[in-house]
Amino acid sequence: MKSLIVNGDDFGYSSEVNAGIIRAHREGILTSTSLMVAEAARDEAAALAKDYPALDVGLHLVVCMGRSVLPPAEIAPVGDALGRFNNKPVLSGIKYFFTPGIREKLKAECRAQIELHLKLIGYLNHIDGHLNFHVHPAIADIVVELADQYKVPCIRLPREPVFTTLAISRDRLAGKLVESAIFRTLSRRTRRMAAERGIKSTNWLFGLHQTHLITEDYVVGVMDRLPDGLTEIYFHPAMDIGGTPPAPSSQRETEVLTSARVRAAIASHGIRLTTFGEVARAG
């Protein structure tokens, strides 16, 4: 059996992102999304989630390149005086690993994001992270502990079969190999901790190495090579709805997610679309 979760990241970031995710769910193959609970369009996203109950809404945990839920004074030095996290992932990662006492502040912020998500959406079946920061050594322990405490059944593990991706698209060859080495190592540690607490994840994942470079050919290529078991593929869709136009890559991803060719590839290989919620209910 080949089962596939199709996720749209960054729900709540903007109305353009919300529109892309809803169109990809309503007209395409998107089954799941993950919410940024402190961003500008999060209330709109929460209202849309109620209009589309089949869309499984998880938490897109943010500790870099985004805003905090807690007031700046409560989590300093995690964020700045305006409650914004650092926009430089490498520097943030070093800071979170080496700064004494910072992990308790990070834990408080992660807890606040989970609790706000539950207030806005009413359930939480999966957690992933903006820039996949949730598998950073300083964050993963917190995420696994809180997922266990709040009975969150699934988390994302960003370990992509890199040679499968390279067989489809060889752009960014060196970058993909470096990403693979880093995220496979981090995911292995996180998987071990999660398994000890009975927290599930998919067997495979795609989208990491092709972020902002996803095309229809790439997705069809993934479907042609999809391994048995449970796989997640994630996107960053958005639509131009008359305000600030989103990135062309995000607009293209919305078209890919609603593509008849992609849907046909899924059907031809007998791939079953599912959600983290269904995975959790199946035990």
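Surface calculation, 1.4 Å probe, protein heavy atoms: CYS154 sits at approximately 0 Å² accessible. Computed with a 1.4 Å probe on the full set of protein chains, the accessible area for THR275 sits at about 20 Å².
Where Rh is the Kirkwood radius over the Cα pairs of the range 144-256, the temperature 4 °C and the viscosity 1.567 mPa s, what D in µm²/s does Stokes-Einstein return? Don't skip to the end; give the middle numbers.
Details: Rh = 15.5 Å.
Answer, rounded: 83 µm²/s.
Among the listed pairs LYS119/LYS151; LYS151/LYS200; LYS50/LYS105; LYS107/LYS151; LYS88/LYS176; LYS2/LYS200, those with a Cα-Cα distance over 22 Å are LYS50/LYS105. In order along the range 268-283, the phi-based Karplus estimate (6.51 cos²θ - 1.76 cosθ + 1.60, θ = phi - 60°) of 3J(HN,Hα) comes to 5, 9, x, 7, 9, 7, 8, 9, 5, x, 5, 4, 5, 5, 6, x Hz; Gly and Pro are listed as x. Summarising the amide proton neighbourhood of ARG67: residues at separation of 5 or more, or on other chains, whose placed amide H is nearer than 5 Å comprise PHE85.
Helix 173-196 and the longest principal axis of the Cα set of the chain meet at an angle near 70°.
Measure nothing but the geometry: give the 0 to 90° angle between the long axis through the Cα atoms of 248-257 and the longest principal axis through the Cα atoms of the chain, rounded to 10°. It works out to around 50 degrees.
Remark: the range 215-230, residue by residue, has Karplus-estimated 3J(HN,Hα) of 10, 4, 4, 4, 5, 4, x, 5, 4, 5, 10, 4, x, 5, x, 9 Hz, where x stands for each Gly or Pro and the curve is 6.51 cos²θ - 1.76 cosθ + 1.60 at θ = phi - 60°. On a per residue basis, the range 2-161 carries 37 Å² of accessible surface, using protein heavy atoms and a 1.4 Å probe. When the surface is traced with a 1.4 Å probe over the full set of protein chains, PHE98 keeps roughly 140 Å² accessible.
At 1.4 Å probe size, with the rest of the protein present, what percent of the exposed accessible area of the chain is carbon and sulfur atoms?
On the way: 6770 of 11930 Å².
Carbon and sulfur: 57 percent of the exposed surface of the chain.
Taking all protein chains together, MET223, MET193, MET65 sort by accessible area into MET65, MET193, MET223, largest first [probe 1.4 Å].
So, counting K/R as plus one and D/E as minus one, what does the shell of residues with Cβ under 9 Å around PRO72 add up to? Before the final figure, lay out each step's value.
Working: positive: ARG84; negative: GLU74, ASP80.
Here the count lands on -1.
For LEU35, the residues 5 or more places off, or on other chains, whose built amide H falls under 5 Å of its own are GLY58, LEU59, HIS60. A simple count of charges around ALA45, restricted to other residues whose Cβ falls under 11 Å of its Cβ and scoring Lys, Arg +1 and Asp, Glu -1, yields -3. Which distance in Å, rounded to a whole number, links the C-alpha centroids of the range 232-262 and the range 6-70? Distance between centres, Cα-based: 13 Å. Our coupling estimate for the range 36-50, obtained by passing each phi through the Karplus curve with A = 6.51, B = -1.76, C = 1.60 and θ = phi - 60°, is 8, 7, 10, 8, 4, 9, 5, 5, 4, 4, 4, 5, 5, 4, 6 Hz, Gly and Pro reported as x.
The trypsin sites (Lys or Arg not before Pro) of the range 109-183 meeting both criteria, a DSSP state outside H, G, I, E and B (loop) and at most 16 other C-beta atoms within 10 angstrom of the site's C-beta, are LYS151, ARG170, ARG172.
Angle check, please: helix 137-149 long axis (alpha carbons) against the longest principal axis of the chain (alpha carbons), in degrees 0 to 90, nearest 10. Once rounded, the angle reads 80 degrees. Please report the relative contact order for the range 47-168, taking Cα pairs under 8 Å with a sequence separation of at least 6, and give it as a percent rounded to a whole number. That works out to 28 percent.
Roll a 1.4 Å probe over the protein chains and send me the accessible area per residue for the range 195-283 in Å². Each step should come with its number before you reach the end.
On the way: 3930 Å² over 89 residues.
Accessible area per residue, the range 195-283: 44 Å².
Near the amide H of LYS2, within less than 5 Å, lie the amide hydrogens of GLY229, ARG272, all on another chain or at least 5 residues away, with H placed in the peptide plane.
The values are calculated or read from the model by the stated rules, or taken from the named source; none is laboratory data. Given the structure is predicted, the values throughout are model-derived calculations rather than measurements. Cβ atoms come from the backbone with ideal geometry, glycine included; neighbour counts cover every protein chain shown. Just the protein is used for accessible areas: all its heavy atoms, side chains included, with ligands, DNA and RNA removed. Shrake-Rupley method; radii C 1.70, N 1.55, O 1.52, S 1.80 Å.
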